[in-house]
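The values are calculated or read from the model by the stated rules, or taken from the named source; none is laboratory data. None of the values given here were measured: they were computed from a predicted structure. Ideal geometry is used to build each Cβ from the backbone, glycine not excepted, and the neighbour counts take in all protein chains shown. For accessibility, only protein heavy atoms count, side chains too; no ligands or nucleic acids. Shrake-Rupley method; radii C 1.70, N 1.55, O 1.52, S 1.80 Å.
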Amino acid sequence: MVATGRVPATADMGLEDRGIETNRGFVAVNEKMEVLTKAEDGEIIPNVYCIGDANGKMMLAHAASAQGISAIENICGREHIVDHDAVPAACFTHPEIAMVGPTEEQCIERAEKEGWNLGKSQGNFRANSKALAEGEGNGIAKVLYNKDTGKVVAVHIIGIHAADLIQECSNAVAAGTTVKELSMMVHTHPTLCEVLDEAFKGAVGMSAH
């Protein structure tokens, strides 16, 4: 793998003339995508918004689109904030990798800091008939959830079509759906999404088979 990195194209835009400090070219914004003079204790620059890679919050095309919609909503007076924890990400490798929410290490830190218990459940592609039929039995789906509330905090998937499977999980994080609720939702058989069904059921002490 070769990763050359990306640099925000924010030079020579006159940002300094407006008193806007950048960090390696990234423009600081608040939750409403309003531009700030600086990242720490910065003041809002009226009527100036910044979305996408230029603000460095989440360098993904669909995240930029969501930020753009959010910015327009706020410009129109309809307050909106993008929940970046609910924005999925995917690597189109073989096998595919997809995730939504923090890493497991970040979840552990968050749980300790906020005072809740972290739960973990896993589904396996090797037990999935569709994956086996495709000759792609290697892979897992890991669900991290708040044991106290049951809400899904993060999901990490490695396996065939992980990028497609993560959307159900992203919706669950965004909606605050619990593992109990997800465990009782019917998943089509035979499909790859049953890997997630296995993980959701495992989180509440049930078995998918």
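So for the stretch 49-62 (the condition being open to solvent by less than 20 Å² (accessible area, probe 1.4 Å), closer than 20 Å to Phe26 by Cα and outside any loop (DSSP other than H, G, I, E, B)), does at least one residue qualify? Checking the stretch 49-62: at least one residue is open to solvent by less than 20 Å² (accessible area, probe 1.4 Å), closer than 20 Å to Phe26 by Cα and outside any loop (DSSP other than H, G, I, E, B).
Within the stretch 35-48, if we keep just the residues that are assigned to a strand (DSSP E or B) and open to solvent by 30 Å² or more (accessible area, probe 1.4 Å), the residue that is farthest from Glu21 (Cα to Cα) turns out to be Asn47. Every listed requirement among (1) within 16 Å of Glu168 (Cα to Cα); (2) open to solvent by 40 Å² or more (accessible area, probe 1.4 Å); (3) touching a strand residue (DSSP E or B) at 6+ places or on another chain (Cβ under 8 Å) is met by His84 save one, (3).
Is there a residue in the stretch 155-171 that is touching a Ser or Thr at 6+ places or on another chain (Cβ under 7 Å) and in contact (Cβ under 8 Å) with a residue 40 or more places away in the chain? Checked against the condition, which is being touching a Ser or Thr at 6+ places or on another chain (Cβ under 7 Å) and in contact (Cβ under 8 Å) with a residue 40 or more places away in the chain, the stretch 155-171 yields no hits at all.
Screening Arg24 against (1) exposed (fewer than 12 other Cβ atoms within 10 Å of the Cβ); (2) among the basic types (Lys, Arg); (3) closer than 27 Å to Gly176 by Cα leaves a single unmet condition, (3).
Thr191 meets the conditions (1) open to solvent by less than 30 Å² (accessible area, probe 1.4 Å); (2) in contact (Cβ under 8 Å) with a residue 40 or more places away in the chain in every case but one. The failed one is (1).
Among the numbered conditions (1) open to solvent by less than 20 Å² (accessible area, probe 1.4 Å); (2) over 30 Å from Leu165 (Cα atoms); (3) not in a strand (DSSP E or B), the only one that Arg78 does not meet is (1).
Within the stretch 96-103, one or more residues are touching a His at 6+ places or on another chain (Cβ under 7 Å) and either of a type in the set (Phe, Trp, Tyr) or over 26 Å from Ser70 (Cβ atoms) (or both). Across the stretch 194-209, the qualifying residues are those that are within 16 Å of Leu132 (Cβ to Cβ) and over 23 Å from the mean Cα position of the chain (by Cα), and the one among them that is most open to solvent (accessible area, probe 1.4 Å) is His209. The sole residue among Lys113, Lys57 that is of a type in the set (Lys, Arg) and under 30 Å from Met13 (Cβ atoms) is Lys57.
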